[in-house]
Amino acid sequence: MAIGHREFAEALGVKPSAVSNMKSSNRIPAKKYLLVCQLCGQHELSPPDCQLFTFDPGGEEPAEFLDTSEAEAS
């Protein structure tokens with residue numbers, strides 16, 4: 001892990017034990033996606049793979065990945 005457990009936990013507003021649980025399940029709550037992206041940016045890391053997060057399997061991609069240019073042009 002490029003970011004320590006404590007720093008990761010603090011950035012997400014959770015206890016270090018919650019980070020351990022995320023690591024063992026290899027899943028991060030979808031609601032933490034933007035916080036994780038911000039933390040990655042602060043450490044000059046690539047954005048995380050969306051598959052690490054608990055987005056609905058049939059749901060849409062996070063908003064920042066959607067091309068809204070056509071919708072705005074209408």
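Tally Lys/Arg at +1 and Asp/Glu at -1 over every other residue whose Cβ is under 14 Å from the Cβ of A18; what's the total? Its environment carries a net charge of +4. The trypsin sites (Lys or Arg not before Pro) of segment 15-45 meeting both criteria, a DSSP state outside H, G, I, E and B (loop) and at most 13 other C-beta atoms within 10 angstrom of the site's C-beta, are R27.
The GluC sites (Glu not before Pro) of segment 1-46 that meet both conditions, a loop assignment by DSSP and at most 11 other Cβ atoms within 10 Å of the site Cβ, are E44.
Bear in mind these aren't lab numbers, they're just calculated from the coordinates by the rules spelled out. Nothing here was measured: the structure is a model prediction, and the numbers come from that model. Ideal geometry is used to build each Cβ from the backbone, glycine not excepted, and the neighbour counts take in all protein chains shown.
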